[in-house]
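Have a look at the structure below, then the notes.
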Amino acid sequence: MHMKYIQKIAFVLVGCLSPLLFGSCDDWLTLLPEDRTVEEDFWKNRSQVESVVMSCYRLMQEDDVLQRIVWWGEMRSDNVVAGTAAGTDEKQLMEANILSSNSLTRWDGFYEVINVCNRVIERAPEVLELDNNFREDELQAFLSEALTLRSLAYFYLLRTFGDIPYTTQSSSNDAMDYNIPQTKEAVVVDRLLGDLKQALEYAPTNWGTDQDNRGRITKNAVRALMADIYLWKAAINEQNNPAVSTVAYDSCSVLCDAILTDEFALWEMHPGNEHYGQVFYSGVSSESIFELVFTSNGKPNNATSTIYGNPNKGNNPKLKAHSLVPGLFNLHLTGDQEDYDYRGKDYIEASTGNVFKYEGQSPSNSFVGGTYTYRASNNQANWIFYRLSDAYLMKAEALAHRAQSDEEMKHVLQLVNVVYKRACTSGVEVKDSLVYSDYASIADVQKLVLEERRREFLFEGKRWFDLLRKVRREGSTVATWDYIEKKYDTDVTLIKNKMIHLGAWYLPIHQDQMIINPELKQNEFYRSQED
């Protein structure tokens, strides 16, 4: 079933969702049509199971989830500044003036995804006994989707809040005692990896169509998420348990190799002059691993147009590129247009600082003083979680933090160059490359990987987590603060004094959740700020 057939959820998965996770039964019920089906009569056949699975994707598309993926992953980073439409909550988040009353710290939507995934995992196996046409391999494929989407939602939560409430049990009635304390971040990481190992065993290699192969969970989607989580595991263990960190880096590298060598995936890296049009405008490209697919007759993607702006949709930007961002793409300029990094033209409207990456239709062929055409109101941008560049650069990061010799460092540079060279060529001849002699130390190579990730994944909700991973790896905020400091054009003393604390790099739990669930413990930094 294609994503365009996903409509409003037409069944009752829960009488009322958990007060701990969602706060209000009425909020959930507004997602349901008036003719919703009673749950007891719903779990009867394969198609019903699949429709619930597809609703998990549909919930990921909700504005309050997708917008937070951007807010949490970009707003405090060195990529963006406030645009003309930024509200008080956005500005306070960007200025590290964050209270637990800030609406951007709400996590409700992610726990809705988790709850429905939990329900699939609990109830879907029952249907195998009721529907003779429902095969075991189909059941396992659906369970793999639910396990992976649940893990993805939890991964965003733990990177944003640290220790979080973790449950694999769904909430089906108000009487359940669902007030549970947080689980330690490291424990959640290991549980997610355990779930994903199970998902990897049964996830499909091929769903049969390009749209489903890029828009639904496959083995490569599972591998990409696992590799990402292993990088996080390596970082949080680097200081106290380096042996665990080493194994995690190696595991990340092995998973990336499995993606890159998968002959059935038919990977193709589009050259720089085709990259934007194929990957971001058309979507479902040959280098996509997993993306949320939006269509003109389905759920609209309001998140990117609301946050990054789109004049054709009547939206001014809440976020714009920082003035220093265009300079990221000026590594090796020769005066010949084909020697430029195409991402500098295609990702940003440099004259205004407007983010063009998602809402743009066609950027000018000129790198200077060109024109930019934005998407029409009926054209939807997909949201890409993982693409081929992720596999190259996650492996590069893992190897960069294991490298000892010149040969190992050169291998890292080769991986980075696959992504960088693609961005600097029209597909006829590669005229530019990163040269090893410019990155002679391990520290230089590690910094190169971080900066290439910034160029490649600009505005994709990854930069803040990349910087936080660096903080956790080093056990200190000092070196990473140097990146952040450059975005502020005012006295940063107050902000710097806050950001020296590790807790300030996470977000506070929203005050409503703290009231609903007395088992929760607020981040110590924010508790001290609000006392």
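When the range 323-362 is limited to residues that are of a type in the set (Ser, Thr, Tyr) and at pLDDT below 85, the one that is farthest from PRO300 (Cα to Cα) turns out to be THR334.
For ASP444, the test of being outside the structural domain of TYR308 (by TED's automatic domain parsing), over 19 Å from the mean Cα position of the chain (by Cα) and without any contact (Cβ under 8 Å) to a residue 12 or more places away in the chain is failed. Residue-level check: of (1) touching a residue at least 24 places away in the same chain (Cβ under 8 Å); (2) more than 30 Å from ASP346 (Cβ to Cβ); (3) not small (Gly, Ala, Ser), ILE500 misses just (1). If I ask for residues that are surrounded by fewer than 17 Cβ atoms within 10 Å (Cβ to Cβ) and touching a residue at least 40 places away in the same chain (Cβ under 8 Å), which ones from the range 513-531 would you list? If the condition is that a residue be surrounded by fewer than 17 Cβ atoms within 10 Å (Cβ to Cβ) and touching a residue at least 40 places away in the same chain (Cβ under 8 Å), then MET514, PRO518, GLU519, LYS521, GLU530 are the ones that fit.
Among residues of the range 344-361 being among the hydroxyl-bearing types (Ser, Thr, Tyr) and out of contact with any Ser or Thr (no Cβ under 7 Å at 6 or more places or on another chain), the one that is nearest to HIS275 (Cα to Cα) is TYR347. Which ones in the range 240-266 are under 13 Å from LYS219 (Cβ atoms) and part of a loop (DSSP other than H, G, I, E, B)? Within the range 240-266, THR261, ASP262 qualify.
The values are calculated or read from the model by the stated rules, or taken from the named source; none is laboratory data. Just so you know, these numbers come straight off a predicted model, no measurement behind them. Using ideal geometry, Cβ is built from the backbone for each residue, glycine included, and neighbour counts are taken over all protein chains shown.
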